[in-house]
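Notes follow the structure.
The values are calculated or read from the model by the stated rules, or taken from the named source; none is laboratory data. Bear in mind that the values here come from a model prediction, so they are computed numbers and not experimental data. Glycine gets a Cβ as well: all are built from the backbone with ideal geometry, and neighbour counts include every protein chain shown.
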Amino acid sequence: MKSVVEILKEIRPEFDFAPVDDFIAQGMLDSFDMVTLVSALDKNYGISILGTDIVPENFQNLQTIEALVNKQKAKV
Amino acid sequence: MKFSFRGKRISGLLVVVPANERSFLEDMKGFKVPEARSLKLKEVMGFDKRRVALPGVCVSDLAICGMQHLFKQGWLKSDEVDALLVFTQTPDYFMPSTSNIIHGRLGLKQDVLCLDSSQACAGFVIGLMHGFMLLEQESIKKVVLINGDVLSRKASPKDRSIYPLVGDAAAITILERDDQDSVIHAIAKTDGSRSEAFMIPAGGFRLPSTPETAVLENVGDNNFRAKDHVFMDGSAIFNFVQTEVPPLIQGLLAWTGDSIDSVDYFLCHQPNRFMLEKLADKMNVPYAKMPNNVVEHFGNNGSATIPTLMAFNLQKRLLQESLRVCFAGFGGGLAWAAMLLNLGRLNFNALIEYQ
């Protein structure tokens, strides 16, 4: 199973995500990237992230994305 | 708001799409997006081909092409048209209304009610509701509902948040009275406080088009558009759909006593595959009951997506059998509406190209 940072790297290989606090403000993820990321996270972890959770604040950094994944994993 | 209609039916459907086809991957090359990124997006969102009107083609041109096809095939006689409703956000002119233009170019009789309404992606369901209401009148036996847009003409070619997604079409739906005493149920909702989430800022009387409104502005993510172009807050619309549409449909099912199992198809507006799969997940609807391939073959053609879905996916079935169907339209306005009905044994159900 891939880690969140590995999945992010596949989507935008030109960026180093680990040290960044706000991917959206830094222009590292746009709305289309968020959708691609959600699809990849769903497949990788066998979850379905709720559509209502696909909002920019949940994709700001590694911690918020991991929290989103863990929230959904807990429901499975 | 709840509506019910007794003894009415959809009797025929014809969708007209431009023959001109564009490719998502080709369009994305123009935005200098790496191909691997575009391919991922294509896979997730379902974007591939879309049908786009050539410059100068208007909604009335697509609609007249379709109406003439109906007359030629003998599927509709010109003197049978008692009401002509045009639901569009891209009219030929501010005035006269597009329905009157179509009426005139087709040489229809004078005893026809012509009416335009500016509705976005909920326009098919709301248009059906208007048509069924008109059929309450003794003098109106057949209603022609036209849902059409050429919104691609208002999309900035430098705005990849909307340009590679939009398609054009006109759908003609025939409504008439039904011998069967079946009931059609519908619920419609509106939230005008969020109307700016999907709009064309300039070109009306509030902000008339000027050389300034035609100037491209950097709106972030390397996208450029002018105030004359269509704007969509994709994130806000996505969230609106995921929040408002499931309770809308669930409320309709609860009202009629239906269940997910008792409905054959949930035919929803078609913004993209991802949004519809998330909607299906939230409502526990199997993907097979909520088809999502219109955007893949035609692009998002606004209020014509549900008719396009029917003509493309259920062409033969809807000629041969009756299905329990839930329509759901949602989008600009903001407006969202759903309708539950028995649909089928149509007199015709076809899709043609406008050359």
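Odds and ends about this structure:
- Restricting B:62, B:85, B:108 to those that are surrounded by 15 or more Cβ atoms within 10 Å (Cβ to Cβ), part of a helix (DSSP H, G or I) and not acidic (Asp, Glu) reduces the list to B:62.
- Residue check for residue B:176: more than 17 Å from the chain's Cα centre (by Cα), under 30 Å from residue B:43 (Cα atoms) and not in a loop (DSSP other than H, G, I, E, B): no
- Tallying residues that are closer than 30 Å to residue B:223 by Cα and either touching a strand residue (DSSP E or B) at 6+ places or on another chain (Cβ under 7 Å) or not in a helix (DSSP H, G or I) (or both) within the range A:19-47 yields 12.
- Any hit, the range B:144-166, residues being within 21 Å of residue B:267 (Cβ to Cβ) and assigned to a loop (DSSP other than H, G, I, E, B): yes
- Pick from the range B:217-259, criterion more than 12 Å from chain A (Cβ to nearest Cβ) and of a type in the set (Ser, Thr, Tyr), ranking: farthest from residue B:285 (Cα to Cα): B:256
- Residue identified as at pLDDT 90 or above and exposed (fewer than 15 other Cβ atoms within 10 Å of the Cβ) among A:43, A:2: A:43
- Of the residues making up the range B:243-256, at least one is without any contact (Cβ under 8 Å) to a residue 24 or more places away in the chain and among the β-branched types (Val, Ile, Thr).
- Checking B:49, B:72, B:42 one by one, the residue that is within 14 Å of chain A (Cβ to nearest Cβ), surrounded by fewer than 23 Cβ atoms within 10 Å (Cβ to Cβ) and either within 18 Å of residue B:146 (Cβ to Cβ) or within 22 Å of the chain's Cα centre (by Cα) (or both) is B:42 and no other.
- Here the range A:5-22 is the region considered, the condition is being away from chain B (no Cβ under 13 Å) and touching a helix residue (DSSP H, G or I) at 6+ places or on another chain (Cβ under 8 Å), and the residue that is surrounded by the most Cβ atoms within 10 Å (Cβ to Cβ) is A:17.
- Looking across B:298, B:348, B:312, one residue alone is among the aromatic types (Phe, Trp, Tyr) and surrounded by 24 or more Cβ atoms within 10 Å (Cβ to Cβ). It is B:298.
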